[in-house]
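Structure, as structure tokens:
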Amino acid sequence: MPHRTVWGVDIGNSAIKAVKMVRSGAEGRIVDFDIIDIQQSDDEASRPQRVQAALSTLCTNHSFGSDAVFLSIPGDMCLFREFQLPPGSESKLNDLVLYEAKQQIPFPLDQVYMGWEKYDDPSGAGVGVEMIVVRKNIIQDLLALTDQFNLNVQGVTVAPVSLFNFIKYEYQPQGAVL
């Protein structure tokens, strides 16, 4: 069942952006939003504490209650890979993607979350695959952080994918989009 009220929370490199949307019939409308800066530092090891401080400010300023929360993380925390598979490989697609992942991902596969989508190669030369990989410890640390604030996290995505989905479904462009 779709959620009636949701928060989208983008935990970026320099700020946390949050938007609250409410569904009214087939339409969604924004009813609240905020931008909280993440204190800057050259010490990357202090990032979790700086994000925690920004999340604390966000949660003090807004009541999340039991509303569903969907998180977005920066694209530079993920690996994006694209590769082509030979024609006729549909029946063994999962095995071939797993083989390519082992070749292209510099971490053991049991240490990552991986998602992929196939597409038809426009040249007809086979099947294209786009893969996104994020280390499990990044997601686990993020969820441990959001659990401190009792956020009802329902999903995590990557910022570039969120932006693509917004453009695709909101504007329904024809052809290439930059």
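The values are calculated or read from the model by the stated rules, or taken from the named source; none is laboratory data. All values reported here derive from a predicted model rather than from experimental measurement. In this analysis, Cβ positions are derived from the backbone assuming ideal geometry, glycine residues included, and neighbour counts consider all displayed protein chains. All accessible areas refer to the heavy atoms of the entire protein, side chains included, with ligands and DNA or RNA removed. Shrake-Rupley method; radii C 1.70, N 1.55, O 1.52, S 1.80 Å.
Just checking, how many residues over the stretch 140-172 are β-branched (Val, Ile, Thr), touching a Ser or Thr at 6+ places or on another chain (Cβ under 6 Å) and more than 23 Å from ALA26 (Cβ to Cβ)?
1
Go through the residues of the stretch 148-170 one by one and say whether even a single one is under 24 Å from ASN94 (Cβ atoms) and assigned to a loop (DSSP other than H, G, I, E, B).
no
So, in the stretch 5-28, how many residues would count as being touching a His at 6+ places or on another chain (Cβ under 9 Å) and either touching a residue at least 40 places away in the same chain (Cβ under 8 Å) or closer than 16 Å to ASP76 by Cβ (or both)?
Matching residues across the stretch 5-28 total 3.
Within the stretch 29-45, identify whether any single residue is farther than 29 Å from ASN13 by Cα and part of a helix (DSSP H, G or I), and answer yes or no.
Scanning the stretch 29-45, I find no residue that is farther than 29 Å from ASN13 by Cα and part of a helix (DSSP H, G or I), so the answer is no.
VAL97: among the aliphatic types (A, V, I, L, M), surrounded by 14 or more Cβ atoms within 10 Å (Cβ to Cβ) and closer than 29 Å to ASN150 by Cα, yes or no?
For VAL97, the condition - among the aliphatic types (A, V, I, L, M), surrounded by 14 or more Cβ atoms within 10 Å (Cβ to Cβ) and closer than 29 Å to ASN150 by Cα - is not met.
From the list SER72, SER63, which one is of a type in the set (Ser, Thr, Tyr) and more than 24 Å from TYR113 (Cα to Cα)?
SER63
Looking at this structure, is VAL22 under 16 Å from LEU145 (Cβ atoms) and either part of a strand (DSSP E or B) or open to solvent by less than 30 Å² (accessible area, probe 1.4 Å) (or both)?
Criteria not met by VAL22.
Name every residue in the stretch 108-127 that is modelled with pLDDT of 85 or more and surrounded by 14 or more Cβ atoms within 10 Å (Cβ to Cβ), in order of residue number.
VAL112, TYR113, MET114, TRP116, LYS118
May I ask you to say which residue of ILE73, ILE36 is open to solvent by less than 40 Å² (accessible area, probe 1.4 Å), of a type in the set (Val, Ile, Thr) and over 18 Å from VAL158 (Cα atoms)?
Among ILE73, ILE36, only ILE36 is open to solvent by less than 40 Å² (accessible area, probe 1.4 Å), of a type in the set (Val, Ile, Thr) and over 18 Å from VAL158 (Cα atoms).
Can you name the strands (runs of 3 or more DSSP E) wholly within the stretch 59-134 that have at least 3 residues being under 30 Å from LYS20 (Cα atoms), touching a residue at least 40 places away in the same chain (Cβ under 8 Å) and among the hydrophobic types (A, V, I, L, M, F, W, C)?
Those strands (runs of 3 or more DSSP E) span 68-73, 78-85.
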